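Okay, structure first, notes after.
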Amino acid sequence: MKIYLDNAATSFPKPKKVSEAVYDFMTNNGTSSGRGAYQKAMESDFIVYECRKLIGELFNFNNPKNVIFTSNVTESINMVLRGMLKENDHVITSSLEHNAVWRTLKTLEKEKNIEISKVKCDQHGFTKPEDVKALINNNTKLIIFTGASNVIGTIQPIEEIGKIARENKIPFVVDGAQLCGAYPVDVKKDNIDILTFTGHKSLLGPMGTGGFIINCDYNIDPIKSGGTGGDSAYEYQVDYYPNKLETGTLNVSGICGLREAIKYLKKEKIENIYEKEKSLTEYALKSLSQVQNIEIYGPKDSEKITPVISFNIKNKRAEEVAHTLDNKYDIMVRAGLHCAPCAHEIIGTKEIGTLRVSMGYFTEKEHIDKLVYALNNL
Ligand SMILES: Cc1ncc(COP(=O)(O)O)c(C=O)c1O
């Protein structure tokens, strides 16, 4: 039996109904949404609409038109940052960002001369909301934070940062890649203006799906233009959601799978998923701490992290260990920087990277036991 412990990269397996829904759509429908008036096309419209509605509900948001579909969270983040930031704007971000945020900001620094302030955090990835407040100036036009680190799992104080952003009338954007589906997120309670998500991680949907929820009136300029299926004689991109930001044929087969995944999550309940993954994380932290010569990074507290644990084994290269785990023990884990070099600056592993195990809803304690056995017998 192969053991998959790389759910922070993408979740596997998916609920059976998700792949069945994609297959069924591709076999029995296959039409584009928002473009035709025939029966099958209207079924496609309904699938897309219902998925927007279900996603909204999952995050306590009730305006499906403001749920925008993209191909992944990276695209969502690019669209939001590029659509909102102007020449010389100041932006505040965390010290733990994935390259989806960090590279986009660095590119905008070059292209639009934006100014980036990184909020410091401690070696466990904890950020103090007051440190965000201290960085705000008259020119601050956006705050973007990852919901949780994809390297050490540390959950960020989103609600408090959102409150500060609201008090200062600054748009607050959350990279929900590691949070959505694994942790209860409520855009209203958590003061989130724009929640970006990816469909293929803890939301348990297919790759190629993602999006963002616009819970505010701040303007987002479209970075793409093209066909939207309506107002075709108008020569510019339309100004209403979702069409303003969704152009070109949607990934309806993927969205159909995502719709099924969200139904599954609602049935299982995010709170139950969170509790199961939290207890697995607690078990994994306890078990891994018994491994000889291990150094675990980040908070060793399952209440403070998503199910992601980074570590190294003394005097062994992370890549080598990952290779042995795969080849000798059929255990899949990730080694390296995990597309988030900033987080490695915080834990001091930018040169060597880490091994990362990440659990999902279908991980079992037995998988952790096998990992621990393998690590003790490398
Ligand atoms: C925190 C974070 N942001 C963004 C991404 C990018 O996700 P995607 O590849 O689905 O765009 C990831 C994926 O690892 C992530 O962990």
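General observations
- Identity of the residue in the range 158-181, touching a Phe, Trp or Tyr at 6+ places or on another chain (Cβ under 6 Å) and more than 16 Å from the ligand (Cβ to nearest atom), that ends up nearest to Pro307 (Cα to Cα): Gly162
- If the condition is being of a type in the set (Gly, Ala, Ser) and either surrounded by fewer than 17 Cβ atoms within 10 Å (Cβ to Cβ) or away from the ligand (no atom under 15 Å from the Cβ) (or both), then the range 114-131 contributes only Ser117.
- All positions within the range 322-344 that are more than 11 Å from the ligand (Cβ to nearest atom), within 21 Å of Trp102 (Cα to Cα) and open to solvent by 40 Å² or more (accessible area, probe 1.4 Å): Leu337
- Those strands (runs of 3 or more DSSP E) lying entirely in the range 261-369 with at least 2 residues on the phi < 0 side of the Ramachandran plot and touching a residue at least 24 places away in the same chain (Cβ under 8 Å): 294-297, 308-313, 354-358
- Any hit, the range 56-74, residues being in contact with a strand residue (DSSP E or B) (Cβ under 7 Å, 6 or more places away or on another chain) and among the acidic types (Asp, Glu): no
- Cross-chain or 6+ apart pairs with Cβ under 6 Å, the range 179-192 first and free of Cβ contacts under 8 Å to residues at least 24 places away in the same chain and under 12 Å from Gly147 (Cβ atoms), then of a type in the set (Phe, Trp, Tyr) and open to solvent by less than 10 Å² (accessible area, probe 1.4 Å): none
- Some residue of the range 53-71 being within 16 Å of the ligand (Cβ to nearest atom), farther than 30 Å from Ser253 by Cα and of a type in the set (Ser, Thr, Tyr): no
- Residues of the range 261-282 that are of a type outside the set (D, E, K, R) and either over 22 Å from Gly125 (Cα atoms) or buried (at least 18 other Cβ atoms within 10 Å of the Cβ) (or both): Ala261, Ile262, Tyr264, Leu265, Ile270, Asn272, Ile273, Tyr274, Leu280, Thr281.
- Residue pairs meeting the criteria (Cβ under 6 Å; at least 6 apart or on separate chains; first over 26 Å from Ser358 (Cβ atoms), in the range 153-170; second of a type in the set (A, V, I, L, M, F, W, C)): Ile164/Val132; Ala165/Ile143; Ala165/Phe172; Asn168/Ile136; Ile170/Ile143
- Just so you know, in the range 184-227 the residues that are near the ligand (Cβ under 10 Å from one of its atoms) and among the polar types (S, T, N, Q) include one that is nearest to Lys86 (Cα to Cα), and it is Thr196.
- Being within 27 Å of Arg356 (Cβ to Cβ) and either within 15 Å of the ligand (Cβ to nearest atom) or touching a residue at least 60 places away in the same chain (Cβ under 8 Å) (or both) is a property that holds for Glu97.
- Scanning the range 114-141 for residues that are of a type outside the set (D, E, K, R) and in a strand (DSSP E or B) gives Ile116, Ser117, Cys121, Thr127, Thr140.
The values are calculated or read from the model by the stated rules, or taken from the named source; none is laboratory data. None of these values were measured; they are calculated from a predicted model. Here Cβ is always computed from backbone atoms with ideal geometry, including for glycine, and neighbour counts include all displayed protein chains. In case anyone asks, the SASA skips ligands and DNA or RNA and just uses the protein heavy atoms, side chains included. Shrake-Rupley method; radii C 1.70, N 1.55, O 1.52, S 1.80 Å.
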